[in-house]
Amino acid sequence: MRMAAVFLAAVFVPSLFLGYLALRTAGDQRVLIEQQAVALYQNDTDILAASLDAGMLARVQDFSTRVRELLAQKSATELARSFNADVGNEWRRLGVGFAVLPGGDLPATEKANADFVRANAAFLTNRLEAEVYPSQNRSVSDAAEIEPTKDRKAEKLAAASNPFTKQRNVAPQQAVLDVKRAQISKVAPEMSDFQTATSQGGEGVLARFVRNELEVILWTRPPEGDGTVFGIAVDARALATWVREIFERVAIPTDGVCLAVLNDRASPVALRPPEFVGEWKRPFVATEIGDALPHWEVALYLLDPDQLARSARLVTSTILALIALALAAILSGGLLVGLDARRQMAQVRRKTDFVSNVSHELKTPLTSIRMFAELLRDGRVSDPEKRTQYLRIISLESERLTRLINNVLDFSRMDRGSVTRRRERIDFHAALVPIWEAQSEHLREAGFTVEWVAEEPPYWVRADVGALGQVVVNLLANAEKYGGEAKVVALRSWRADGDLRVAVSDRGIGINPGEERKIFEAFHRSDDSLASDVPGSGLGLTLAAGIAAEHHGRVEVTRRSGGGTTFTLILPLAGAEGEA
Ligand code: ADP
């Protein structure tokens, strides 16, 4: 009972707790795997977005270079007047060129850009503020410059209370982890007029939405231009082409995923693989490109979205199997340790019982020996028959003592493994005769009916006669001790299958079912009330089995029909005389 409590407290409950923790870990696998994938792919989209942002600013540099070339040939005022024409076909194909004079005035309108200038006049001449996304040029070649971009984004993000803060137009799946944050655009416009927006730095990109259409202006204020700002409003088609060029240049592996650049309407401008059709607004991860292309996104889609779930399931089931295995190992280990402890405790208990049993067994014969010896010594018994009877009792009790002491000594020797047996070729029938004579007489006196049914001798065996004799004596003594009311003891000896068999049968209390093996264990004594009244050491059968085994034989126990028990000593027969 106590052991069960200890097992429960020390092994079972902690294992259950461990199992629970491990199960929880297993449950988190899906999230973990998804997070890993998000981190991995987010890095890809971040790189592409940064390249696109940088690519746009590189165009600004190209544009500046072109303007400075022109300023080498013409004065700023002259160039301003015919800028759209002078800028050249290559640039004109991409958009509309214009110039804004230092005071904020527009020069006499060229025909070709008249529409653009008219539509934007109020903004360009600083009469109207508009929502703009300015981005000044930084050193494009310097990769370290990507960092400040992030800082700026973080700043803008912190200003989430900014009234201009916009929602992103895609909802990446990683938003599951932090919906609000992921949904807010990191690109926020500011209210500004053209002059203010272009006041910082010498060149830049200015993006704004005019009637929901993205307008991207590259501008430059070259030092040799007396403060005139030259600009070009880039065509949507040209933008898309630039984006595609950069997209093709940046080598990002797209195994199992689709990489896309989405414009501000969330429709793909560039795509790899090109045949992919997805729910554009629900990418797996996405990164906003930045102020140069506001609300454009680099988005990544999984070609096989179930793949993640599948690998998560695989990991989970592996973990579960491992948990089950570990728990089984812990529990069975605990159980084994527990059982072993119980066995050892039982053994200790049996040894204690043994000591008290043996003391008792020693005391009883000693008391009667002493009593009868004293009676005889004092000459108080005159009847010669009584004297003979007393002497016989003294000798029987001494025999019992000898047997007990022999058993104990032999057992301890056998336990230590220090017995050496001198085996010789003998006729075991001849060895049985004196044993039977002594024991049967004693049994008869104790009121037993006895018989020995023997097959024709000789029974040749190679044996230590003393030890085997002790086995038979022990079996006969048990038949007497546990012989019950019936008081019948039979000895049978015969040959069968190359073995000699010597069986001792009684009609006594019998062996409890399930105890057939245990009775051979050292110190084991049946709890049966009938048996426990009988004094004993629990060593007789242990010794019998041990000695038989030393002779390559065994002792078998069988329950007799009609009650009682038969113990059979089985020994291999040696060959006929003359053989080895
Ligand atoms: P002991 O007799 O000294 O207790 P044994 O090793 O000879 O030790 O026997 C072990 C147990 O086996 C006994 O305590 C008894 O319960 C049981 N046993 C042995 N022989 C018999 C028998 N002939 N009939 C019934 N039970 C027996």
Worksheet entry | Positions within the stretch 191-226 being in a helix (DSSP H, G or I) and either in contact with a Phe, Trp or Tyr (Cβ under 7 Å, 6 or more places away or on another chain) or within 13 Å of residue 132 (Cα to Cα) (or both), in sequence order | 194, 195, 196, 197
Worksheet item: Restricting to the stretch 465-504, what's the tally of residues that are in contact with a strand residue (DSSP E or B) (Cβ under 8 Å, 6 or more places away or on another chain) and not hydrophobic (A, V, I, L, M, F, W, C)?
Response: 12
Fill in: Single residue of the stretch 526-549 satisfying the filter (more than 9 Å from the ligand (Cβ to nearest atom) and more than 48 Å from the chain's Cα centre (by Cα)) that is farthest from residue 410 (Cα to Cα)
529
Discussion item. What's the number of the only condition in (1) modelled with pLDDT under 90; (2) open to solvent by 50 Å² or more (accessible area, probe 1.4 Å); (3) more than 8 Å from the ligand (Cβ to nearest atom); (4) of a type outside the set (Asp, Glu) that residue 523 fails to meet?
Written reply: (2)
Item to complete: For residue 469, work out the one condition from (1) open to solvent by 30 Å² or more (accessible area, probe 1.4 Å); (2) out of contact with any Phe, Trp or Tyr (no Cβ under 9 Å at 6 or more places or on another chain) it doesn't fulfil.
Response: (1)
Worksheet item: From the list 300, 271, 335, which one is open to solvent by 20 Å² or more (accessible area, probe 1.4 Å), of a type outside the set (Asp, Glu) and assigned to a strand (DSSP E or B)?
Response: 271
Worksheet entry | Residue in the stretch 505-520 that is nearest to the ligand (Cβ to nearest atom), counting only those that are buried (at least 20 other Cβ atoms within 10 Å of the Cβ) and hydrophobic (A, V, I, L, M, F, W, C) | 519
Discussion item. Return the residues of the stretch 103-130 that are open to solvent by 70 Å² or more (accessible area, probe 1.4 Å) and either touching an Asp or Glu at 6+ places or on another chain (Cβ under 8 Å) or modelled with pLDDT of 85 or more (or both); say none if nothing qualifies.
Written reply: 127, 128, 129
Worksheet entry | Residue pairs meeting the criteria (Cβ under 8 Å; at least 6 apart or on separate chains; first under 21 Å from residue 196 (Cβ atoms), in the stretch 111-134; second among the polar types (S, T, N, Q) and open to solvent by less than 30 Å² (accessible area, probe 1.4 Å)) | 129/192; 130/192; 132/192; 134/192; 134/198
Response to the item:
Picked from the stretch 478-493 (must be open to solvent by less than 60 Å² (accessible area, probe 1.4 Å) and farther than 24 Å from residue 409 by Cα), the residue farthest from the ligand (Cβ to nearest atom) is 493
Discussion item. Could you list, ordered by first residue, the pairs with Cβ atoms under 7 Å in which the first is in the stretch 353-374 and in contact (Cβ under 8 Å) with a residue 24 or more places away in the chain and surrounded by 13 or more Cβ atoms within 10 Å (Cβ to Cβ) and the second is among the basic types (Lys, Arg) and part of a helix (DSSP H, G or I), at least 6 apart or interchain?
Written reply: 365/400
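The values are calculated or read from the model by the stated rules, or taken from the named source; none is laboratory data. Please read these numbers as outputs of a predicted model, since none were measured by experiment. Quick reminder, even Gly has a Cβ in these numbers, built from the backbone with ideal geometry, and neighbours come from all protein chains shown. Heads up: the accessible areas ignore ligands, DNA and RNA and are worked out on the full protein's heavy atoms, side chains in. Shrake-Rupley method; radii C 1.70, N 1.55, O 1.52, S 1.80 Å.
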